[in-house]
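Read through the structure below, which is laid out as structure tokens, and then see the notes.
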Amino acid sequence: MSIDASKVIGRTQRNWDYDSKISEEEMQYLIDISMNAPTKENTNVYKLFVSTNMKFNTMIQEWAYSTEEAKHKAQKTKDRNAQVAAPLLMMYVIEDFADTNVGLNDACFSVGIAAGATALASAEIGYQTGFCSCLHIPGLIEHMSEKFSGNFLEKFWKNSEIQQILCLGIGKKNPNAKNRSQIIKDGKIQFTTGIKHRTKPTVLIYK
């Protein structure tokens, strides 16, 4: 894995080139990367939902805001979170683990490892990525049951209590915009998300 790839995944991609498709082979490769990542005690601690359905992925953006956010702030947040409306969307879904020895923290660590490895692998094969954990889960599940019916969707999303979801958007960047620019339907830039000064963890090397 290259340093260049690690720099790619450090920048959230918020717009996409929808004419550039991800092949079935590449998609399966990235799924395999996730599945091969370590989990707590080798247990199944999350579910993985993979979508190339743009109607579905665009719908996810409509719920890409925190449950606690005030209504007037929610619109701006979901506009900013266009990384989920990617050509390939991978959703790491953590359920209620009350009946197992695996706690929520352990599940979140496992998801982070898998999603991080998958993002890095995506960059290695030429794609950009964007993470998002900001989702109004109750509203999303209710809306999904109304607009995206089907036994396999019902079984995946409705059979358990979902605690957390981490989204990873993957695709080629829009060549006509910066990674932080939000694109509206007519192709014009709506606004550009500000960038915060990046702080890095403290590193201590002990020999």
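Worth a mention:
- Checked against the criterion of being modelled with pLDDT under 95 and under 25 Å from Lys188 (Cβ atoms), the stretch 21-36 contains one or more residues that satisfy it.
- Top-ranked residue of the stretch 152-171 - restricted to ones that are among the β-branched types (Val, Ile, Thr) and within 23 Å of Thr129 (Cα to Cα), ranked as modelled with the highest pLDDT: Ile170
The values are calculated or read from the model by the stated rules, or taken from the named source; none is laboratory data. Worth saying up front: this structure is predicted, and the values here are computed from it rather than measured. Every residue, glycine among them, receives a Cβ derived from its backbone with ideal geometry; neighbour counts consider all protein chains shown.
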